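Structure first, commentary second.
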Amino acid sequence: MRNKILIGLAIIGILLGIVSAYISGIPARPQPPAFKPAENPYAKGIYANGIVETAQTSGENINIYPEVSGTVVKILVAEGQHVPAGTPLLMLEDSVQRSAAESAQAQIEVSKATYKNLQDTFSKQKASWMLDPRSVSKDALDTAENAMKTAKANLQLAQKQYQSANALLAKYVIKALSGGTVLSMNTAVGSYISSQGVYDTYTGVFYPVLVMGNQKGDLAVRCYVDEILIHRIPDPSQIQAKMFIHGSNISLPLKFVRIQPNVSPKIELSSQRTERVDVRVLPVIFSFEQQKGISIYPGQLVDVYIGEHSGNLKK
């Protein structure tokens with residue numbers, strides 16, 4: 001009886017092993033994608049990584065760095081705000097430089113008084129010498145004249161020093177050199193900034209104190225075409241392109257703007273670091289019209305397919 005039980009258990013174990021092996025061998029059905037992957041809409045289209053940026057006639061976004069170092073005491077604008085050229089953006093602590101400018105201004109008054117005193121002395125001695133050359137020696141007259149000229153030069157020097165100190169004082173208020181939109185303010189009141197920018201606690205690198213876009217808020221796409229595909233870029237008059245937004249099924253047509261004619265090392269867009277590989281890319285810039293209900297911001301990554309006109313779209 002005991003042997004029959006053992007044999008039965010063995011048979012059950014074998015059957016369980018067979019069933020388990022069969023079940024584990026069934027391939028798992030992959031989950032459907034969260035969104036439809038970007039599909040090449042052109043018969044001979046080429047792919048490129050792209051990044052959204054504000055439309056500029058040259059360069060990318062406007063990165064603002066201070067010309068002097070100091071502690072931020074006041075921020076005068078907010079992110080997303082449109083500002084005209086000349087608008088003060090933020091103020092730095094300027095007590096030391098303001099004191100230097102005030103001292104330079106006071107020195108002007110001292111130099112003026114000294115110059116006036118020596119000018120009067122020379123005028124009196126010259127008038128006396130004109131009436132009677134024997135009343136004042138020629139040496140004394142020349143000495144008085146030279147002293148007056150030296151005082152005049154010192155006055156001019158004091159004025160220049162005040163202008164220089166005042167010009168440097170003005171650098172403690174950072175202003176917008178061109179109109180635009182404040183995209184990001186990377187500092188706070190009490191933070192120390194320098195010509196290198198502002199130190200980021202989390203990444204350990206320096207960033208621009210402030211990043212601005214253009215005044216109208218128009219956006220563009222900068223895409224990077226791999227060097228092995230450059231020869232397949234259509235003629236600029238025939239270029240058409242389409243971009244696909246990551247994480248969605250949204251696609252927008254692009255309008256060719258320009259090619260930046262300089263093949264450069266490929267960058268990793270997610271962290272803006274130059275990759276240590278021998279891969280080079282050609283920047284191509286496109287513009288696009290923003291559509292209602294679609295939120296797109298500078299810095300957003302997109303997929304771009306570049307094709308050409310004349311019926312090369314897939315049917």
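The values are calculated or read from the model by the stated rules, or taken from the named source; none is laboratory data. Given the structure is predicted, the values throughout are model-derived calculations rather than measurements. Glycine gets a Cβ as well: all are built from the backbone with ideal geometry, and neighbour counts include every protein chain shown. Quick note on the areas: whole protein, heavy atoms, side chains included, nothing else; ligands and nucleic acids left out. Shrake-Rupley method; radii C 1.70, N 1.55, O 1.52, S 1.80 Å.
Please work out which residue is farthest from residue 185 (Cα to Cα), limiting yourself to region 208-218 and to residues that are open to solvent by less than 10 Å² (accessible area, probe 1.4 Å) and out of contact with any Phe, Trp or Tyr (no Cβ under 7 Å at 6 or more places or on another chain). Only one residue fits best here, namely 213.
Residues considered: 53, 79, 39, 60. Of these, the only one that is more than 29 Å from residue 159 (Cα to Cα), open to solvent by less than 80 Å² (accessible area, probe 1.4 Å) and acidic (Asp, Glu) is 53. Filtered by the rule that a residue be among the hydrophobic types (A, V, I, L, M, F, W, C), open to solvent by 20 Å² or more (accessible area, probe 1.4 Å) and either farther than 17 Å from residue 80 by Cβ or in a loop (DSSP other than H, G, I, E, B) (or both), region 183-207 gives 188, 189, 205, 206.
Does region 223-232 contain any residue that is in a loop (DSSP other than H, G, I, E, B), open to solvent by 60 Å² or more (accessible area, probe 1.4 Å), of a type in the set (Lys, Arg) and out of contact with any Leu (no Cβ under 9 Å at 6 or more places or on another chain)?
Initially, region 223-232 is screened for residues in a loop (DSSP other than H, G, I, E, B), giving none.
Checking region 223-232: not a single residue is in a loop (DSSP other than H, G, I, E, B), open to solvent by 60 Å² or more (accessible area, probe 1.4 Å), of a type in the set (Lys, Arg) and out of contact with any Leu (no Cβ under 9 Å at 6 or more places or on another chain).
Within region 163-179, the residues that satisfy the criterion of being hydrophobic (A, V, I, L, M, F, W, C), open to solvent by less than 50 Å² (accessible area, probe 1.4 Å) and either more than 18 Å from residue 86 (Cβ to Cβ) or within 22 Å of the chain's Cα centre (by Cα) (or both) are 165, 173, 174, 176.
Run down 190, 213 and say which single residue is under 30 Å from residue 306 (Cβ atoms) and within 27 Å of the chain's Cα centre (by Cα). Matching residue, one of 190, 213: 213.
Set side by side, the residues 158, 140 differ, and just one is open to solvent by less than 80 Å² (accessible area, probe 1.4 Å) and in contact (Cβ under 8 Å) with a residue 24 or more places away in the chain, which is 158.
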